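Heads up: the structure comes next, in structure tokens.
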Amino acid sequence: MAYTITSTVIGAQPIANTDTTKNHPLGFTVQAYDPTYGAGTFIYLLGVASTVVGSVVTYDGASSGTPTYQTALAPATANLAQPLAVSMSANVASQYGWYQVVGSAVVATNGTLAAGPGPIYLAGSGQVTSTAAAGKQVLNARNDTATGTPAANQAVCSIAWPFAQGAIT
């Protein structure tokens, strides 16, 4: 993936880079374009240990009511009701980077994402699956390819500000 930021931002940290220096306000969003995957929207967040490219993360942390923008690998927890994003780098603890929230995203899978289009579900450890599980659906997201495209344990999903289901429907 070779996303280029199209938003007017001077000195922007490249989409695929991680940095120990906070180069943008946390929660800041930009638009970017990739010749293969098209346009996307990205949010600037604080990383967490064990993040790889494509990790699905939550970023709903708060301290005394103030957002922290701290990520956590999305667990396979039912009724989580948290916003989700997809890591664009191995943005580990104490580092800053971009996470995709809109567009065709390359996501980490647990090896069981079927060919799409279809719903996707949280599989734990920042991964998704097409195996249905009550309360674990990722809303505003669908799979476009099966696991293995574009690489092993990855798939392409269409996302639009995805979030973990908050209740059994």
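Quick notes on this one:
- Of the residues making up the stretch 89-114, those that are farther than 18 Å from Thr149 by Cβ and in a loop (DSSP other than H, G, I, E, B) are Ser89, Ala90, Asn91, Val92, Ala93, Ser94, Gln95.
- Members of the stretch 42-88 that are of a type in the set (Val, Ile, Thr), in a loop (DSSP other than H, G, I, E, B) and either surrounded by fewer than 23 Cβ atoms within 10 Å (Cβ to Cβ) or at positive phi (or both): Val48, Val52, Val53, Thr68, Thr77
Residues are listed down the side, and each one gets a yes or a no for (1) of a type in the set (Phe, Trp, Tyr); (2) within 21 Å of Asp34 (Cβ to Cβ); (3) without any contact (Cβ under 8 Å) to a residue 60 or more places away in the chain:
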{"residue": "Ser50", "(1), (2), (3)": "no, no, no"}
{"residue": "Thr77", "(1), (2), (3)": "no, no, no"}
{"residue": "Leu80", "(1), (2), (3)": "no, no, no"}
{"residue": "Met88", "(1), (2), (3)": "no, yes, no"}
{"residue": "Asn91", "(1), (2), (3)": "no, yes, no"}
{"residue": "Tyr121", "(1), (2), (3)": "yes, no, yes"}
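- Any chance Asp60 is among the charged types (D, E, K, R) and in contact (Cβ under 8 Å) with a residue 24 or more places away in the chain: no
- Candidate set from the stretch 1-29 (those that are part of a loop (DSSP other than H, G, I, E, B) and among the aliphatic types (A, V, I, L, M)); member that is nearest to Val48 (Cα to Cα): Leu26
- Residue check for Ser63: touching a strand residue (DSSP E or B) at 6+ places or on another chain (Cβ under 7 Å) and polar (S, T, N, Q): no
Every read-out reported here was derived from the displayed coordinates using simple, explicitly stated rules and does not represent laboratory data. Source: prediction; values computed, not measured. Every residue, glycine among them, receives a Cβ derived from its backbone with ideal geometry; neighbour counts consider all protein chains shown.
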